Amino acid sequence: METAGAAAAAEPEKQNGALVIGASSVGTMFEWYDFFLYGALVANINMHFYSGVNETTGYILALATFAAGFIVRPFGALAFGRIGDIVGRKNTFLVTMIIMGIATFVVGLLPGADFFEAMGPGLGVIAPILLVLLRVLQGLAIGGEYGGAATYIAEHAPANRRGFFTSWIQITATIGLFISLLVILGVRSVMSTEDFNEWGWRIPFLLSAGLLIVSVWIRVQLNESPVFLKMKEEAATS
């Protein structure tokens, strides 16, 4: 009876562990999808946002904009790590997810350099500046999300399985990259190359709105980290 009771008591904990891993991993995977879209579509972005310079220079600037997201990742980890210690893990990675989703969606709507140039000479530079700002937001968000999700899972994991539980977060970057490539290939397959280069490249970015809604809904189902709740009860938060 004791063994059966212990097994029954352990079952909900196992289900909770699966939910924590699944919800955290799916949310982080969607964030990597958003993050990698830019890299896969850098040639198309170059045509629209860096058209005021020669092709080689534009391509280098477009890649530098992609790199900006990686450069600010450590700052996102530091900032949102601190916030997570103050307001909680769950609320923090909900915020990072929303920032990433909105920034990615706006990239899909952002007018190119030609649009701003038509408003006045020299205004075309507004387009790449706004694009860099959006990439910075994405970098800050993924920096905070990645560490936050790993911390959240680790604080739910049994002491002897923390490495295994948190290893799922590492997988999400690769899966997010593959999904971004599959979505891009899917969109390219249903339209001409000209249409894709002109406006179709924006569709994968716009689809992030749907992924954001799904991700937020999944994450809302989670409870706050038990470690943070204990810290809060003991008035030991950062």
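The values are calculated or read from the model by the stated rules, or taken from the named source; none is laboratory data. Bear in mind that the values here come from a model prediction, so they are computed numbers and not experimental data. Positions of Cβ are backbone-derived with ideal geometry, glycine not excepted, and every protein chain shown enters the neighbour counts. These area figures cover heavy atoms from the full protein model, side chains too; ligands, DNA and RNA do not enter into them. Shrake-Rupley method; radii C 1.70, N 1.55, O 1.52, S 1.80 Å.
Which distance in Å, rounded to a whole number, links the C-alpha centroids of the stretch 42-115 and the stretch 146-162?
Using only Cα atoms to place each centre, the spacing works out to 27 Å.
For the chain, what relative contact order do you get, as a whole percent, if you take Cα pairs closer than 8 Å and at least 6 residues apart? Intermediate values should be presented prior to the final figure.
Details: 312 pairs, mean separation 79.3, N = 238.
So the answer I get is 33 percent.
Which Cα, out of Asn54, Ser225, Leu110, lies furthest along the positive dipole direction of the chain (beta carbon charges, K/R +1, D/E -1)?
Ser225
Name the helices (complete DSSP H segments) of the chain with a Cα length along the long axis of 15 Å or more and a Kyte-Doolittle mean of at least 1.0, or state none.
Membrane-span-like by this rule: 55-71, 89-109, 126-156, 162-189, 208-220.
Here are a few candidate values for volume of the Cα convex hull per residue in Å³: [x] 120; [y] 163; [z] 138. Which one was actually calculated from the structure I just gave you?
Only one listed value fits the structure, namely [z].
Can you tell me how much longer the chain between Ser51 and Ile71 gets when fully stretched, taken as 0.36 nm per residue apart minus their C-alpha distance, in nm with one decimal?
4.8 nm
Among Ile98, Ser189, Ile171, whose Cα lies farthest out toward the positive end of the dipole of the stretch 96-233, if unit charges sit on the beta carbon of Lys, Arg (+1) and Asp, Glu (-1)?
Among Ile98, Ser189, Ile171, the one farthest towards the positive end of the dipole of the stretch 96-233 is Ile171.
Over the chain, give the accessible area per residue in Å² for a 1.4 Å probe, as an integer.
50
If you put +1 on each Lys and Arg Cβ and -1 on each Asp and Glu Cβ, how big is the dipole of the chain around its Cα centre, in Debye rounded to 20?
400
Over the stretch 144-238, with every protein chain in place, what whole percent of the accessible area is carbon and sulfur at 1.4 Å, could you tell me?
Carbon and sulfur: 65 percent of the exposed surface of the stretch 144-238.
Please list, ordered by chain and number, the residues whose modelled amide H lies under 5 Å from the amide H of Ser225; skip anything fewer than 5 residues away on the same chain.
Under 5 Å from the amide H of Ser225 lie the amide H atoms of Arg89, Lys90, each far enough along the sequence or on another chain.
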